[in-house]
1. Give the residue that is farthest from Thr97 (Cα to Cα), with candidates limited to residues of segment 8-60 that are without any contact (Cβ under 8 Å) to a residue 24 or more places away in the chain and of a type in the set (S, T, N, Q).
2. I'd like the full set of residues that are surrounded by 14 or more Cβ atoms within 10 Å (Cβ to Cβ) and part of a helix (DSSP H, G or I), limited to segment 116-128.
3. Return only the number of the condition from (1) touching a helix residue (DSSP H, G or I) at 6+ places or on another chain (Cβ under 8 Å); (2) without any contact (Cβ under 8 Å) to a residue 24 or more places away in the chain that Ala73 does not satisfy.
4. Kindly establish whether Lys130 is outside the structural domain of Ser52 (by TED's automatic domain parsing) and of a type in the set (D, E, K, R).
5. Take the residues in segment 79-115 that are among the aliphatic types (A, V, I, L, M) and either under 12 Å from the mean Cα position of the chain (by Cα) or not in a helix (DSSP H, G or I) (or both), then tell me which one is farthest from Gly138 (Cα to Cα).
6. Report the residue count in segment 154-181 for those that are surrounded by 13 or more Cβ atoms within 10 Å (Cβ to Cβ) and on the phi > 0 side of the Ramachandran plot.
7. Here are Asp95, Asp161: which of them is in the same structural domain as Asp47 (by TED's automatic domain parsing), out of contact with any strand residue (DSSP E or B) (no Cβ under 9 Å at 6 or more places or on another chain) and charged (D, E, K, R)?
Amino acid sequence: MTDTVVARRYANAIFALSRKDGDDALTRHGDCLAALGGMLAAAPGLDMTLKSPVISVEEKKAVLGKLLDRLDADRMVRNFCFLLADKERLGFLRDITAWYGKLLDEARGVIRGQLITAVALTPKKQAALKAALEEKSGAGIELTFAVDGSILGGMVLKMGDRVLDASLRAQLGILRETFKRGV
């Protein structure tokens, strides 16, 4: 709980500062932070290095500086990351980047979701489903598609904290429960 509060506060802070510089800065900083979060997720050893209490702040800043150089980070993102190092908050960096992404999506009116089907969909069918969902929701939607053969048929749509389970597996489960109750 505390981790989430800390990450959210820092994400809100850099988001507010970025917003003052305009939409271009919001996007640039979001892309840079997302790439940094991706680097940390891809290299768990790197993430552990930045979280380690044994490694000095200066050494962490040196590692972070090299990462930020690779990403061609601007001054604000660089100073923000160094502030996190000074305050010994680098352990929250991945969560901060995730919260920033959520804030950016919210500001743009974009909803992220995942559509799971029993078989792979063609790109044409994926585009048609995405367009239909955007029309129904009235917002931009970023969908990822996944295949899970255990759902047997139909689809499961996860968007934010909502799940629409229109799979054959779920319908059979409902039918089984109905038979158990004898209705």
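1. Applying the filter and picking the extreme gives Ser56.
2. Within segment 116-128, the subset surrounded by 14 or more Cβ atoms within 10 Å (Cβ to Cβ) is 116-118, 121, 126.
Residue satisfying the conditions is Gln126 alone.
3. Going through (1) touching a helix residue (DSSP H, G or I) at 6+ places or on another chain (Cβ under 8 Å); (2) without any contact (Cβ under 8 Å) to a residue 24 or more places away in the chain one by one, Ala73 breaks only (2).
4. On the way: outside the structural domain of Ser52 (by TED's automatic domain parsing): yes; of a type in the set (D, E, K, R): yes.
Taking the combined requirement at face value, the residue satisfies it.
5. Taking segment 79-115 first, the residues among the aliphatic types (A, V, I, L, M) are 83-85, 90, 93, 96, 98, 103-104, 107, 110-111, 115.
Still in the list and also either under 12 Å from the mean Cα position of the chain (by Cα) or not in a helix (DSSP H, G or I) (or both): 96, 98, 103-104, 110-111, 115.
Working: Ile96: 28, Ala98: 24, Leu103: 19, Leu104: 18, Val110: 10, Ile111: 10, Leu115: 18 Å.
That would be Ile96.
6. 1
7. Numbers: Asp161 fails: in the same structural domain as Asp47 (by TED's automatic domain parsing).
The match here is Asp95.
The values are calculated or read from the model by the stated rules, or taken from the named source; none is laboratory data. In this text, all values refer to a predicted model and were calculated from it rather than measured experimentally. Positions of Cβ are backbone-derived with ideal geometry, glycine not excepted, and every protein chain shown enters the neighbour counts.
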